[in-house]
1. Has segment 104-116 got at least one residue that is at pLDDT below 90, open to solvent by 40 Å² or more (accessible area, probe 1.4 Å) and more than 30 Å from ASP61 (Cα to Cα)?
2. List, please: which pairs have Cβ atoms under 7 Å, are six or more places apart or on different chains, and start with a residue in segment 9-30 that is farther than 15 Å from CYS84 by Cα and end with one that is of a type in the set (A, V, I, L, M) and open to solvent by 50 Å² or more (accessible area, probe 1.4 Å)?
3. Taking the condition at pLDDT below 90 and open to solvent by 90 Å² or more (accessible area, probe 1.4 Å), does LYS232 pass?
4. When the residues of segment 236-284 are filtered to those that are part of a helix (DSSP H, G or I) and in contact with a strand residue (DSSP E or B) (Cβ under 8 Å, 6 or more places away or on another chain), which remaining residue is nearest to GLY218 (Cα to Cα)?
5. From GLU94, GLU35, GLU66, GLU73, grab the single residue that is open to solvent by 50 Å² or more (accessible area, probe 1.4 Å), more than 25 Å from VAL160 (Cβ to Cβ), in contact (Cβ under 8 Å) with a residue 12 or more places away in the chain and over 15 Å from the mean Cα position of the chain (by Cα).
6. Here are the criteria: (1) over 20 Å from the mean Cα position of the chain (by Cα); (2) among the small types (Gly, Ala, Ser); (3) in a helix (DSSP H, G or I). Tell me which single one ALA21 does not satisfy.
7. Every residue in segment 245-284 that is of a type in the set (Lys, Arg) and either at pLDDT below 90 or more than 15 Å from GLU35 (Cβ to Cβ) (or both), please.
8. Please identify the pairs in which a residue from segment 218-230 that is among the aromatic types (Phe, Trp, Tyr) has its Cβ atom under 9 Å from the Cβ atom of a residue that is part of a strand (DSSP E or B), counting only partners at least 6 apart or on another chain.
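The values are calculated or read from the model by the stated rules, or taken from the named source; none is laboratory data. These numbers were taken from a predicted model, which means no experiment stands behind them. Backbone-built Cβ (ideal geometry, glycine too); neighbour counts: all protein chains shown. These accessible areas exclude ligands, DNA and RNA; they are computed on the full protein's heavy atoms, side chains included. Shrake-Rupley method; radii C 1.70, N 1.55, O 1.52, S 1.80 Å.
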Amino acid sequence: MPDIKADAKHVIPKNHLYHAAFNWETWVQTNYNYERMMGMACGHTFVPVIDDLYKGDPDGDAKRKEVMQREMEFFNVHPEFGSCILGMAIALEEQKSLGEPITGEFITSLKTSLMGPLAGIGDTIWQGVLIPILLAILIDITLNFKTVLGAVIYLILMLVITYVFSFANFFFGYNAGSNAILDFLEKGLLNKILLGAQVMGCMVMGGLIANYVNVSCGLVLVTSGSKFVVQKSLFDAVMPKILPFAFTFLVYWLMASKKWSSLKVIGLIIVIAIVGGLTGILAA
């Protein structure tokens, strides 16, 4: 077995990686949108390193454009815990540019499968443990000593903790991605990981649909002395969340097969919502 760390090649300078990690942690939450969430932040993270990929390749410009389009797809994760995913994505794109048999679908599936678990872990530890403990201690200092020192200490501590942890996590993902990928290729694990990532990605996206897409039927059929609530008695009985599932696939079909733009889809959603609300077919 050859030394993977010695064999792994790199074309991205260290200072460009630090710049990418800085871009992620500093600007990750400045450009949210409902279509891509943190997708634009992922693209911004790649700005310092994109020119290092495919140097000398006649099709380099087209391939770099493909990288940026892929990395700006929908992404949502806890910033500090999810920084390792960006480090891993950069490592995989780097190895792909060096000729390793890594597909764009593999990189996308890996990002999608990891963002859900790391978001859950990060939100729980960061917002449920770290921040409440620091606030409890430093608010007590502020009140007891009647000084703003507690607030200043909190600001400094959070800046140090977030940047140190995010940078360490970013480079952990980068080193794991670049050093492990050759090992995966040698052992034939790439296809198995890809299959697992695709399955996990489908589960994550299914969970997002169930939690964030709300569509319910407001029809109530009145017969002799009884009421039949269509949503509760039919759709929920057959498959809860079946309407959000069907509506999501309608949007996917329109954009993937019919090549509708996001603006046209949003316009259709507005029309359906207005008509459905006025007629009572859809309920709030």
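1. no
2. LYS9/LEU98; VAL11/LEU98
3. Against the criterion (at pLDDT below 90 and open to solvent by 90 Å² or more (accessible area, probe 1.4 Å)), LYS232 qualifies.
4. Among them, the one singled out is GLY276.
5. GLU66
6. So ALA21 meets the others, but not (1).
7. LYS258, LYS259
8. Taking only residues 6 or more apart or on different chains, the pairs are PHE228/VAL220; PHE228/LEU221; PHE228/VAL222.
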